[in-house]
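Step one of this worksheet: look at the structure below.
Values quoted throughout were computed directly from the atomic coordinates according to the rules given, and no laboratory measurement underlies them. A quick note: this is a predicted structure, and the numbers were derived from the prediction, not measured. All Cβ positions, even for glycine, are placed from backbone atoms using ideal geometry, and neighbour counts span all protein chains on display.
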Amino acid sequence: MRGVRMGRGREPSAALAPGESRGDWSTLRTLLPYLWRYRGRVLFAAACLVAAKLAVVGVPILLKQIVDSLVQLPAGAVLAVPVALIAGYGLLRLSTSLFTELREFFFAKVTQAAVHTLSLQTFRHLHSLSLRYHLQRRTGSVTREIDHGIRGVTTLVSFTLYSILPTLVELSLVLGYLTWHYEIWFAAIVVASLFGYIAFTFFVTNWRTQFRRQVNELDAKAASRAVDSLLNFETVKYFGNEEFEARRYDATLNESERMAIKSQQSLNLLNSGQQLIIATAVTLILWRAALGVAEGRMTIGDLVLVNAFMIQMYIPLNFLGVVYREIKQAMIDMDRMFRLLCEYREIADAPDAQPLQLAGGAIRFEKVDFSYDPRRQVLFGVDFEVPAGTTCAVVGPTGSGKSTLARLLFRFYEAQGGRVLVDGQDVRQVTQASLRAVIGIVPQDTVLFNDTIEYNIGYGRPEATKDEIIAAARAAQLHEFVSRLPDGYDTMVGERGLKLSGGEKQRVAIARTLLKRPAILVFDEATSALDSRTERVIQAELEAIAAGRTTLVIAHRLSTIVNADQIVVLDGGRVVERGSHGQLLAAGGAYARLWAMQAQHEAPDANGTEPAPVEAMAAEPPA
């Protein structure tokens, strides 16, 4: 069996094995182009950052000048107070805030635009992936990865631009000033203390992360046990297990308490070690400054300057542990989102794909082989044709491959052998958009959007008018029901349409497909959720609508397809019979046996009621 043909997308070398990490630098390289497209704003924000830090460093320098001026003043010389220096001090303080706000004002567009672009690109890419991918992944986990990834981008940019880079710029300016104007010992003490501070913070933060993670897991476990116990309140009471539930909950709380204490104590150790390093460095620097003043090499203003530098530099470092932890988590979250963008598109337009040239809508399955899993083949050399404007019904037992034909026609999957043709054109050689535009499907499992009935019907053709939506609802025998609702077509259908019955949902799906006005109709158990009376009414409407259109009907109620131009019987993934209803009954084969079985079970009972049809030919479960 040949492997599934891969569509265009990222190069295979870009794929990652499950659990494989991209690495932090690889993640950053992926993010940078999204930021650099706004390079003007990025460079202006960087200039504002440097200007703000120059102002920050200038404040202690100006303070030194003020102190030295005041020390040199004769007693009582009030008029000689350095007013200009004091005014300059105030302006520098204002400049610090002004340039910081300008930086954030202009960079906000960069961050939000990057988040917007990434969100939209990921959303579009997920829609371009195959049905196979979405059946294998939990939708909740995918949306959570996108949400966390977007938050990760915001966190990384915020901490980098507003915490790490400003601190590095300030550190460089301070070290340069100290080295240029004073003895090398000042810079040496600062560098040594910073390296010690960073190394200690990273080591302890990595060590204590395990305690924080266990606390979170135990908190979630305790909450889960409490909710589970309270949801099953009656069962707990039935068996008198209140004390048993309390003991289970208490055991989890005890473990959570133990881990929380360790987490808090490790945080106290981290804070104490950081303060010890900072206090030691500041003490050594002040000692060297005091010696300089005593020996006449430095002034009182120099001592004030050095002390102010140390305070300004070490304050941001107090948050280094938090910044480091948040950035590491942001990198992990971003990596998960970027991995979604590296997922291959199994179904993609061929490089030379052309729009479908519709000429009636004839369908042909030409020796089609297919399997969802290489270990279990579903279709074996399926070969039949549906002439343009005719109706073909496909019947067969569960698992025979009926619904798979509709998925291959719509190109949710690729055939591994043979071809699927529409008007003589291989569906793999035409664009997906043009192919799907001419096909309307009413699926077996109808899922609706959590919106109004009008929105769900109008989804078949978003530009349709209200009158066209009502006409489609009438054709699907839905209008009367909707008219009786208090909110009419504005009625919300709930999550996945749960406020409607199965039959009502199916009629919405039929109306939606009719509104699309497709040249090819596919009904995949389209009336399976309807009662017999409604089914007969809708069946007559569907037959009228199908007139002149190429129609593929997948059915298990044989009574609904007796008027089909052609009936194809599948069994075990192979075509075992083909012909009209009369021809197949006369042949006395598989179709005749299934007809007899359903006729027997659908016969009215002694009370004259109609029982539900036998499930001998129930609809296929999703692959």
Next item on the list: Quick one: P(r) of the range 153-287 from all Cα-Cα pairs, 5 Å bins, percents rounded to integers, in order of increasing distance.
Entry: 2, 9, 11, 12, 12, 11, 9, 7, 6, 6, 5, 4, 3, 2, 1, 1, 0
Next item on the list: Quickly rank 435-448, 278-291, 503-516 as a protection proxy: mean count of other C-beta atoms within 10 Å, highest first.
Entry: 503-516, 435-448, 278-291
Notebook entry, point to check: Excluding same-chain residues fewer than 8 positions from residue 402, which lysines have a Cα within less than 16 Å of its Cα?
Noted result: 367
Margin query: Taking the alpha-carbon distance from residue 221 and a cut-off under 30 Å, which lysines remain once sequence neighbours fewer than 8 residues away in the same chain are dropped?
Written below: 237, 262, 328
Margin query: Give the separation of the Cα centroids, the range 196-236 to the range 437-457, in Å.
Written below: 42
Check: Kirkwood hydrodynamic radius of the range 413-479 from all distinct Cα pairs, in Å?
Finding: 14.6
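Beta carbons within 10 angstrom, averaged per residue: use that to sort the peptides 86-95, 469-478, highest first.
Numbers: 86-95: 14.6, 469-478: 21.2.
With the highest mean Cβ count within 10 Å placed first, the list reads 469-478, 86-95.
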